[in-house]
Amino acid sequence: MIPSYNQRERTRRAVVEAAATLAALPGERTELIVVDDGSQAGNGIQAEDMPPGAVFVGLRENQGKGGAVRAGMARAQGDCVIFTDSDLPFSLEPLATTLAWLRADADIVIGDRLHPESSVTAPVGPLRRLSSAVYTW
């Protein structure tokens, strides 16, 4: 599940990558859900931007990231639900491992940018690093 706000081009790229990654998971029945969180006209991802089989949820008004995540989670039909941001800050390569951990009775799996073995793929500016540090603290 990918929440998005005013990030049409970035989200289009993320959706293509996510769809390819999900299609490559052997033996998995997956669904890709993309939530547009009430983006301004012309700036948000649209249903026609979705690859075949992807689910588009368009919120009429901006509800914030929490609202977009809730809307996507409510729409999800699988036993395991994974979400990432529209800038794909982490590689999608660990999805198979994440699913294995969830099926082995982990209640939640969280990607951690500060973990020594983390590999962040999206550039993070100083303000974002500061806000992340404050939030983590």
> Given Thr97, Ala18, Ala41, which one lies farthest toward the positive end of the charge dipole of the chain, if we put +1 on the Cβ of every Lys and Arg and -1 on the Cβ of every Asp and Glu?
Replying inline: Ala41
>> Antiparallel versus total DSSP beta bridges in the chain: what percent is that, nearest 5?
In response: 10 percent
>> Of the candidates Pro94, Pro26, Pro126, which one comes out as most mobile in a Gaussian network treatment of the chain with C-alpha springs shorter than 10 Å?
In response: Pro126
>> For the chain, take the convex hull of the Cα atoms, compute a quarter of its surface area, and give me that in nm², please.
In response: 9.0 nm²
> Out of Leu92, Leu127, Leu22, any idea which swings most in a Gaussian network model of the chain, alpha carbons joined below 10 Å?
Replying inline: Leu127
>> Expected output is a single nm value to one decimal: the length gained when fully extending between Glu31 and Ala106, i.e. 0.36 nm times separation in residues minus the C-alpha distance. What is it?
In response: 24.9 nm
> Using modelled amide H (1.01 Å from N, peptide plane; none on Pro or chain starts), what sits under 5 Å from the amide H of Asn6, excluding residues fewer than 5 places away?
Replying inline: Asp37, Ser39, Gln40, Ile45
> In the stretch 47-86, what trypsin sites (Lys or Arg not before Pro) fall in a loop by DSSP, with at most 12 other Cβ atoms inside 10 Å?
Replying inline: Arg60
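We did not get these values from a lab; they are worked out from the coordinates using the rules stated. All values reported here derive from a predicted model rather than from experimental measurement. All Cβ positions, even for glycine, are placed from backbone atoms using ideal geometry, and neighbour counts span all protein chains on display.
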